[in-house]
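The values are calculated or read from the model by the stated rules, or taken from the named source; none is laboratory data. Predicted model only: the values in this text are computed from it and were never measured. Cβ placement follows ideal geometry from the backbone for every residue including glycine, while neighbour counts extend to all protein chains displayed. In case anyone asks, the SASA skips ligands and DNA or RNA and just uses the protein heavy atoms, side chains included. Shrake-Rupley method; radii C 1.70, N 1.55, O 1.52, S 1.80 Å.
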Amino acid sequence: MPRVALVTYDPRPEPSKDADLPVLVAALREAGAEADAVCWDDGDVDWAGYDLAVIRSTWDYSWRAAEFVAWAERCGKVTRLANPADVVRWNTDKRYIGELAEAGVPVVPTRYLAPGDPVALPDGEYVVKPTSGAGARYAARYTSEQHDSAVRHLERMHAEGLTAMVQPYMRGIDAGGERALQFFGGRLLHASRKRAVLARGTAFDADKVAHPGLEQWTPAPAELAVAEQALAAVPNAPELLYARVDLVDGEDGQPRVMELELVEPNLFLFLHPGSVGAVVEGVLAAARG
């Protein structure tokens, strides 16, 4: 009977936002596993007592990225961690988008501004966000006329030691939305589509709805091809238990990678309940592997 830790965050005092977690714990237990939902920063957890630790919803990590990566490295030394610590280290810093671009993957064009770099912002409409972030934290959409507001945004992030990324606003998202292709055990599990997260005029430090208008989606062959190309470009070809590739259309109408989520992507099982069985099978196979 494999012992599996589903790794999450401590939402105190609010209830957890992970609607999939209790469903997955129950399904694993029904399948014969000893499954627990445990917080990544709980110092009392004996990670060595588990056959597999699956990072599921550590949705506070971006505020404590270095601490989280250090935990992943410690955990990965005493049990099997999915995804592996090397993947966690690489994927928690969105400068990986530049590496994907160098590997020939179609991505949203991205420039990076670290603390101390001269501030240079593009013309037109663009997005500013941190290289370590989740749920549109510290992200905002600007036009050329809002240059001063964007500079203040950058100054705030740089004061906190954060590196910023600047991307053109991809207008294709207004028509086609953002598509999330979910992979589990190396195969496409399901896909979803959501509408634009960043509305004009929304402050960078305001709360945002992370997945507005979420719906089931059937990916086109071109979307699947780009997603698979992105996964093949992950350094050192690691074994990935799960992955989510977020796509948006470029000016040419072709899909581009907006983000590659290899750490704690929402699986959206509440939208795709038929995928629960495949996820359970994949987790059990990894635990026994």
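Just to be sure I understand, how many residues within the range 259-289 are hydrophobic (A, V, I, L, M, F, W, C), surrounded by fewer than 21 Cβ atoms within 10 Å (Cβ to Cβ) and over 17 Å from A31 (Cβ atoms)?
So the answer is 2.
Take the residues in the range 170-228 that are among the basic types (K, R) and open to solvent by 70 Å² or more (accessible area, probe 1.4 Å); name whichever of them is farthest from the chain's Cα centre (by Cα).
Selected residue: R200.
Name every residue in the range 92-112 that is farther than 15 Å from V245 by Cα and without any contact (Cβ under 8 Å) to a residue 24 or more places away in the chain, in order of residue number.
Residues satisfying the conditions are G98, E102.
Quick check on P255: is it touching a residue at least 12 places away in the same chain (Cβ under 8 Å), closer than 17 Å to G104 by Cβ and crowded, with 16+ Cβ neighbours inside 10 Å?
In short, yes.
Which residues, taken from the range 233-243, are of a type outside the set (D, E) and either under 20 Å from V54 (Cβ atoms) or open to solvent by 80 Å² or more (accessible area, probe 1.4 Å) (or both)?
Of everything in the range 233-243, those that are of a type outside the set (D, E) and either under 20 Å from V54 (Cβ atoms) or open to solvent by 80 Å² or more (accessible area, probe 1.4 Å) (or both) turn out to be V234, N236, A237, P238, L240, L241, Y242, A243.
Those residues that are touching a residue at least 24 places away in the same chain (Cβ under 8 Å) and within 16 Å of D123 (Cβ to Cβ), I need them from the range 144-168; list them, please.
Residues satisfying the conditions are H147, A150, V151, V166, Q167, P168.
Determine if the range 72-91 includes at least one residue that is more than 24 Å from G185 (Cβ to Cβ), out of contact with any helix residue (DSSP H, G or I) (no Cβ under 9 Å at 6 or more places or on another chain) and either in contact (Cβ under 8 Å) with a residue 24 or more places away in the chain or not acidic (D, E) (or both).
no
Could you say which residue among T92, T79 is farther than 30 Å from D249 by Cβ and polar (S, T, N, Q)?
None of the others qualify; the one that does is T79.
Quick one: which residue in R3, R12, R56, R29 is closer than 28 Å to R137 by Cα, open to solvent by 60 Å² or more (accessible area, probe 1.4 Å) and basic (K, R)?
R12
Would you confirm whether any residue within the range 118-136 is out of contact with any Asp or Glu (no Cβ under 7 Å at 6 or more places or on another chain), assigned to a helix (DSSP H, G or I) and open to solvent by 30 Å² or more (accessible area, probe 1.4 Å)?
no
Can you tell me which of V105, V119 is touching a helix residue (DSSP H, G or I) at 6+ places or on another chain (Cβ under 8 Å) and modelled with pLDDT under 95?
Residue meeting the stated conditions: V119.
For the range 27-83, how many residues are assigned to a loop (DSSP other than H, G, I, E, B) and either out of contact with any Lys or Arg (no Cβ under 6 Å at 6 or more places or on another chain) or hydrophobic (A, V, I, L, M, F, W, C) (or both)?
15
Considering only residues that are surrounded by fewer than 17 Cβ atoms within 10 Å (Cβ to Cβ) and of a type in the set (D, E, K, R), which ones fall in the range 138-168?
E145, D148, R152, E155, R156, E160
Does any residue of the range 98-107 turn out to be closer than 26 Å to P168 by Cα, touching a Lys or Arg at 6+ places or on another chain (Cβ under 9 Å), open to solvent by less than 50 Å² (accessible area, probe 1.4 Å) and of a type in the set (A, V, I, L, M, F, W, C)?
Yes, because at least one residue in the range 98-107 is closer than 26 Å to P168 by Cα, touching a Lys or Arg at 6+ places or on another chain (Cβ under 9 Å), open to solvent by less than 50 Å² (accessible area, probe 1.4 Å) and of a type in the set (A, V, I, L, M, F, W, C).
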